[in-house]
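What follows is a single structure, written as structure tokens, with notes after it.
The values are calculated or read from the model by the stated rules, or taken from the named source; none is laboratory data. What you are looking at is a predicted structure, and each value in this text was computed from that prediction instead of being measured. Cβ placement follows ideal geometry from the backbone for every residue including glycine, while neighbour counts extend to all protein chains displayed.
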Amino acid sequence: MDGKHSHIDIPKAFYSFSTGALFDRCLECEMYLLDGDTEYFIEKAIKKYEGFDAQDVIFEYAICIQCAERMRNSMSKASQQSIQQYFMDNVDLLKRMEIMQSNPNNPETWMDKCLIKGERKSGLNEYQIYAHCNGSKLNLTQMPYLVSGAALEEISAVLSPETLDEFDDFSRRHFGPPPELAEPLPFRRVMLI
């Protein structure tokens with residue numbers, strides 16, 4: 001991709017569901033994100049209800065690149081290698097590049113199917129979407145992409161118990177009610193950014 005197609009305005013799919021606006025703060029450190037040079041990631045988990053047009057955003061957040069790197073480094077080395085191997089074994093990179101190159105400024109088409117399973121978003125009940133941003137712009141690199149709940153379950157199965165505990169702690173700290181009131185998530189939260 002050439003440089004003129006590397007950034008576009010962040011699409012509405014990556015706006016905060018709760019505010020209807022762009023994410024403006026890092027969930028972890030509260031850094032302001034909408035300065036042009038501030039690099040960060042957005043992750044949203046969506047659950048659709050079969051037979052209805054309704055959907056819920058299970059969780060959503062933006063995290064600055066420094067905090068995301070700290071989170072990655074908190075994962076065990078075995079988990080980091082397992083995730084890398086899982087993606088190498090399950091993502092069709094040629095097909096992905098073809099989709100990206102045929103739709104250079106249309107990230108919605110990049111997220112029409114699960115990056116791993118190839119299932120259409122319209123047929124999924126649970127999925128997560130991921131974006132890489134700078135200020136108010138979406139970086140069109142390997143992201144954005146969509147991962148189905150089924151693929152997230154497979155990924156969580158290859159992670160170490162320590163890494164899963166880290167993810168659970170992150171979820172409880174930022175999204176969960178007190179543990180005694182918490183209901184289980186439809187799928188295990190897996191940080192892929």
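A few remarks follow.
- Just one of the listed residues (Met97, Met111) is more than 26 Å from Leu164 (Cβ to Cβ), at pLDDT 90 or above, among the hydrophobic types (A, V, I, L, M, F, W, C) and surrounded by 12 or more Cβ atoms within 10 Å (Cβ to Cβ), namely Met97.
- Evaluation of Phe59 against the conditions (1) farther than 27 Å from Asn125 by Cβ; (2) surrounded by 17 or more Cβ atoms within 10 Å (Cβ to Cβ) shows that the sole unmet condition is (1).
- When the stretch 143-159 is filtered for residues that are in contact with a helix residue (DSSP H, G or I) (Cβ under 8 Å, 6 or more places away or on another chain) and either closer than 17 Å to Gln80 by Cα or surrounded by fewer than 16 Cβ atoms within 10 Å (Cβ to Cβ) (or both), the ones remaining, listed by number, are Ala151, Glu154, Ile155, Ser156, Val158, Leu159.
- Test: residue in the stretch 64-87 that is closer than 14 Å to Pro144 by Cα, buried (at least 16 other Cβ atoms within 10 Å of the Cβ) and not polar (S, T, N, Q): no
- Number of residues in the stretch 125-134 that are of a type in the set (S, T, N, Q) and either assigned to a loop (DSSP other than H, G, I, E, B) or touching a helix residue (DSSP H, G or I) at 6+ places or on another chain (Cβ under 9 Å) (or both) equals 2.
- Residues that are in a loop (DSSP other than H, G, I, E, B) and not basic (Lys, Arg) within the stretch 108-124 comprise Met111, Asp112, Cys114, Leu115, Ile116, Gly118, Glu119, Leu124, listed in sequence order.
- Single residue of the stretch 27-76 satisfying the filter (of a type in the set (Ser, Thr, Tyr), in contact (Cβ under 8 Å) with a residue 60 or more places away in the chain and assigned to a strand (DSSP E or B)) that is farthest from Ala13 (Cα to Cα): Tyr40
- Lys44 vs. criteria among the basic types (Lys, Arg) and more than 17 Å from the chain's Cα centre (by Cα): no
- Some residue of the stretch 82-100 being touching a Lys or Arg at 6+ places or on another chain (Cβ under 7 Å) and either among the hydroxyl-bearing types (Ser, Thr, Tyr) or closer than 19 Å to Ile42 by Cβ (or both): no
- Single condition Ser18 does not satisfy, out of (1) free of Cβ contacts under 8 Å to residues at least 40 places away in the same chain; (2) of a type in the set (Ser, Thr, Tyr); (3) assigned to a loop (DSSP other than H, G, I, E, B): (1)
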